[in-house]
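Worksheet: the structure to be examined is printed underneath.
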Amino acid sequence: AKKYLTYEERAKLATNPTASKLFNIMATKKTNLAVAVDLTRKQEVLNLADSIGSEICVLKTHVDIIDDYDQDFVHQLEQIASKHNFLIFEDRKFADIGNTVKYQFESGVYHISKWAHMVTIHGVAGPAIIDGFRDSIKQTGAGLLLLAQMSSKGSLCVGEYTNQMIEMGKQNSDAVMGFICQERLESMSDNFVLMTPGIQFNSKGDSMGQQYNTPDYVVKEKGTDVIIVGRGIYQNSEPKSEAIKYKQAAWAAYESRLN
Ligand code: S5P
């Protein structure tokens, strides 16, 4: 059987500052729940963030789906994040050459580098994509999350591609804080945070290829660290009490794998 370390121990092994910070928040707040708030109005996102903030370690955004996005949105979200001690994860899935992603990260409407504690990256363009983030994250300590596997049906992020993404992470472990994945593979060392989307209690999937597992399955059976829940929480009529259920299930799975 695998030997699992505690999140406190993992915080000390982390090679990226945001990874270390996240492991510490998880241990302090006793939550390995991240929520994907895929709502399209600024006030809806902010209201949900404030209502579930005490239950989560990370709030994941897709800022490019917010109809009325503005700088005030980010300003308010940052205040809510520091009030409740969670991190902000912009799920931008950068995938271009280094020089282009540098502009996409720092410029444009969103200025993601100014406020995101972590962002997602696809490795299709090769490891030099990471060089596009270096200037910024040297200053902020932000973390990169590499997409090693995806939750959707027919995903091409499998097999040798997955192995190459893990290798890319290890070669850049100062900048890379962890992986988006569906399972812990032997080669994923303990300095990395493993985050898993495609989580819902009461559904197996949607009509557009999403596939769901339970918190217990991915954390206990598959060995990942953080569950990412979207519609299972924000579409529930009682999002706060539903968030507490996901938090408790994921934390119980974490505790039981330590024994
Ligand atoms: O493989 C992936 C990677 C990600 S980041 N599968 C995913 O679903 N995601 C994201 O997780 C997706 O963009 C969405 O924001 C969230 C899942 O949302 P849900 O509503 O299906 O829980």
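The values are calculated or read from the model by the stated rules, or taken from the named source; none is laboratory data. All figures in this text were calculated on a predicted structure; none of them were measured in a lab. Neighbour counts run over all protein chains shown; Cβ positions are idealised from the backbone, glycine included. Side chains are part of the model used for accessible areas, which takes the heavy atoms of the whole protein and leaves out ligands, DNA and RNA. Shrake-Rupley method; radii C 1.70, N 1.55, O 1.52, S 1.80 Å.
In the set Lys153, Lys83, which member is within 16 Å of the ligand (Cβ to nearest atom), open to solvent by 60 Å² or more (accessible area, probe 1.4 Å) and touching a residue at least 24 places away in the same chain (Cβ under 8 Å)? Answer to the check: Lys153.
Consider segment 121-141. How many of its residues are open to solvent by 10 Å² or more (accessible area, probe 1.4 Å) and hydrophobic (A, V, I, L, M, F, W, C)? Adding up the residues that qualify gives 4. In summary, Asp64 fulfils each of the numbered conditions (1) open to solvent by less than 70 Å² (accessible area, probe 1.4 Å); (2) over 23 Å from Met188 (Cβ atoms); (3) acidic (Asp, Glu) with the single exception of condition (1). Scanning segment 39-96 for residues that are in a helix (DSSP H, G or I) and under 18 Å from Thr140 (Cα atoms) yields a total of 7.
Filter segment 217-243 down to residues that are touching an Asp or Glu at 6+ places or on another chain (Cβ under 6 Å) and open to solvent by 40 Å² or more (accessible area, probe 1.4 Å) and give me whichever is nearest to Asp190 (Cα to Cα). My answer is Lys222.
State whether the residues of segment 137-149 include one that is of a type outside the set (A, V, I, L, M, F, W, C) and within 16 Å of the ligand (Cβ to nearest atom). So far as segment 137-149 goes, yes, one or more of its residues are of a type outside the set (A, V, I, L, M, F, W, C) and within 16 Å of the ligand (Cβ to nearest atom). The set of residues in segment 82-139 being farther than 22 Å from Asp67 by Cβ and among the aromatic types (Phe, Trp, Tyr) consists of Phe86, Phe94, Tyr103, Phe105, Phe133. Take His75 and decide whether it is surrounded by fewer than 21 Cβ atoms within 10 Å (Cβ to Cβ) and at positive phi. No; evaluated as a whole, the condition is false for this residue. Using the structure shown, decide if Glu90 is among the charged types (D, E, K, R), modelled with pLDDT of 95 or more and more than 16 Å from the ligand (Cβ to nearest atom). So Glu90 fails the test. For segment 1-43, filtered to residues that are over 19 Å from the mean Cα position of the chain (by Cα) and either among the basic types (Lys, Arg) or modelled with pLDDT under 95 (or both), the residue that is most open to solvent (accessible area, probe 1.4 Å) is Lys12.
Applying the set (1) at pLDDT 95 or above; (2) more than 16 Å from the chain's Cα centre (by Cα) to Lys247 leaves exactly one unmet item: (2).
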